[in-house]
Amino acid sequence: MTVNSSNAPGVKSLRHHTQSWASTQATWRFYHNEDVTFPMLSGPMLGLARSGVKESQSRYVLMAHDWCHINFAKHHSKLDKTKMSHALDVGYELQASLLVDANTGAPIAPAGLNLLTSNGIYQCRSQELQPKQSHLDSLFDSIHWQEQLHLDKPLVHVVDREADSAKDLRRLGSVHWLTRTKKGSTFRHEGQFKTAEIISRTISPDLKGVISLRGKEGYLFVGETTVELHRKSEKLASAAPTCRFVMSLVTDDEGKELARWYLLSNVLDVDATEIATWYCHRWNIESWFKLLKSDGHQLEKWQQTTAESILKRLITASVATTLIFKLYSDSSDEANEFKGFLVKLSGRLTKRTKPVTQPSLLAGLWVFLQMCEVLDTYTMDEINAMRQIASSFFAQSV
């Protein structure tokens with residue numbers, strides 16, 4: 001649960017450790033223990049995923065997939081770093097899969113973590129280092145593994161434009177998927193090859209309601225048609241499968257366009273509005289990355305020297321973020337009271353329009369755990385004695 005600042009990359013100690021150094025050493029030994037494997041550490045994470053899916057009231061459950069660069073350019077002790085986008089973007093690339101409730105958009109739990117290094121790919125489902133693969137090959141391997149988890153509800157795999165490949169989408173077969181395509185991508189529509197932008201002009205979208213997009217409210221317009229997964233540049237020996245082409249448009253009160261998406265999906269038994277809403281829910285994986293990197297665990301400050309240890313710690317941290325998401329989504333009176341208490345403990349500033357945030361809950365929960373450890377370790381007489389000692393230094397009652 002520990003929340004680190006940029007200058008505190010170690011693991012903070014609780015009462016069962018006499019000092020922070022002992023805590024850090026114990027953690028180092030744990031992550032370097034050969035008996036501590038990725039599948040073993042992933043057990044609690046997948047357990048939370050299974051229970052969260054079972055509790056969900058939605059008919060489908062979304063599996064949002066995305067990639068995230070972890071920059072360790074200034075960490076010279078990490079010898080298995082890989083170059084990502086440019087010479088200064090050096091570190092590891094994380095490919096994550098996050099389960100999301102299809103009705104509410106609330107994150108449930110991660111169900112897949114892959115870490116790309118200069119030597120290969122580490123996966124949460126296997127202890128062996130895997131050879132390097134392209135983004136989509138690695139992703140599709142994860143998707144087929146996730147389909148074998150036999151979760152309580154059918155999955156819909158949601159990917160951004162990274163999956164805008166007709167040839168690769170055909171590889172998924174009967175697996176349910178949803179992705180965004182570029183406006184210049186071509187498909188066979190009504191017997192002719194057309195770009196997504198031209199196809200969208202044949203659609204008359206209808207106003208479906210108000211949605212929240214990246215913290216802003218907008219009006220959602222949706223329309224759809226059917227296209228064949230066949231690009232103009234391809235030669236197919238047999239007929240290409242068809243899929244839904246959904247145009248989603250979001251505007252503000254004055255009609256200004258906030259977002260326009262051209263979506264493809266092979267899920268046939270839901271309304272087009274639901275398809276558009278599902279894609280909006282994909283944004284929650286960005287919030288999950290933010291909680292790991294900058295507003296919670298300070299991932300890019302971690303001092304473990306190998307990708308193997310980094311991934312082990314990532315899996316453990318993912319369990320903490322899952323519990324935070326579960327608390328954040330709970331709207332009961334008890335949960336709301338506890339959330340307000342944790343925000344107060346966190347010391348984080350929040351907006352009046354959004355008094356509770358996931359980073360503030362994570363920070364506040366760590367403070368609360370420390371308080372509980374103090375109360376378990378010291379009697380009230382000892383705590384009051386400490387208050388008196390502190391008052392002699394700070395010239396007033398603490």
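Structural remarks
- With R₀ set to 30 Å, the beta-carbon distance separating Val367 from Glu286 gives a calculated FRET efficiency near 0.70.
- Eligible aspartates and glutamates near Lys232 by straight Cα distance, threshold 13 Å, same-chain separation 8 or greater: none
- Burial order of peptide ranges 65-73, 313-321 (average beta-carbon count within 10 Å, highest first): 313-321, 65-73
- The GNM of the chain, with springs linking C-alpha atoms under 10 angstrom apart, assigns the highest mean-square fluctuation among Glu224, Glu274, Glu382 to Glu382.
- Distance from the alpha carbon centroid of the range 269-283 to that of the range 143-158 works out to 18 angstrom.
- DSSP-loop trypsin sites (Lys or Arg not before Pro) across the range 141-223, with at most 14 other Cβ within 10 angstrom: Lys182, Lys183, Arg201, Arg214
- Extension reserve of the Asp206-Glu254 stretch, reckoned as 0.36 nm per residue once the Cα distance is removed: 15.6 nm
- Take 91-104, 341-354 and order them by the average number of nearby Cβ atoms within 10 Å per residue, most first; the result is 91-104, 341-354.
- Estimated distance in nm for a label pair at Thr226 and Gln192, the labels positioned 7 Å out from Cα along Cα-to-Cβ: 2.0 nm
- Helix 307-329 axis, angle to the chain major axis (alpha carbon atoms, nearest 10°): 90 degrees
- Peptides 139-148, 112-121 ordered by average Cβ neighbours within 10 Å, highest first: 112-121, 139-148
- Between Asp152 and Ala385, the C-beta separation translates, for a Förster distance of 45 Å, into a calculated FRET efficiency of about 0.25.
- Per residue, the accessible area of the range 330-397 comes to 74 Å² when a 1.4 Å probe rolls over the protein heavy atoms.
- Summarising the strand pairing of the chain, around 90 percent of its internal DSSP beta bridges are antiparallel.
- Counting 0.36 nm for each residue step from Thr37 to Asp376 and taking away their Cα separation leaves a gain of 118.8 nm.
- Rounded tilt (10° steps) of 272-281 against the dominant C-alpha axis of the chain: 30 degrees
- Within the accessible surface of the chain, defined with a 1.4 Å probe on protein heavy atoms only, the carbon and sulfur portion equals 51 percent.
- Gain upon complete extension [Ser233, Ser85; 0.36 nm per residue less C-alpha separation]: 50.5 nm
- For the chain, the longest principal axis of the Cα atoms and the long axis of helix 333-346 meet at an angle of about 60 degrees.
- For Lys132, the amide hydrogen comes within under 5 Å of the amide hydrogens of Ile121, counting only partners 5 or more places away or on other chains and with H modelled in the peptide plane.
- Residue of Glu254, Glu228, Glu337 that the Gaussian network model of the chain assigns the largest fluctuation, springs spanning Cα pairs under 10 Å: Glu254
- Inter-label distance for Glu337 and Thr305, nm, one decimal - labels placed 7 Å from Cα along Cα-to-Cβ: 5.0 nm
- Residues whose placed amide H lies under 5 Å from that of Thr117, excluding near-sequence neighbours: Tyr122
The values are calculated or read from the model by the stated rules, or taken from the named source; none is laboratory data. All values reported here derive from a predicted model rather than from experimental measurement. Heads up, the Cβs are rebuilt from the backbone with ideal geometry, glycines too, and the neighbour counts pull from every protein chain shown. The area values use the complete protein model at the heavy-atom level, side chains included, leaving out ligands, DNA and RNA. Shrake-Rupley method; radii C 1.70, N 1.55, O 1.52, S 1.80 Å.
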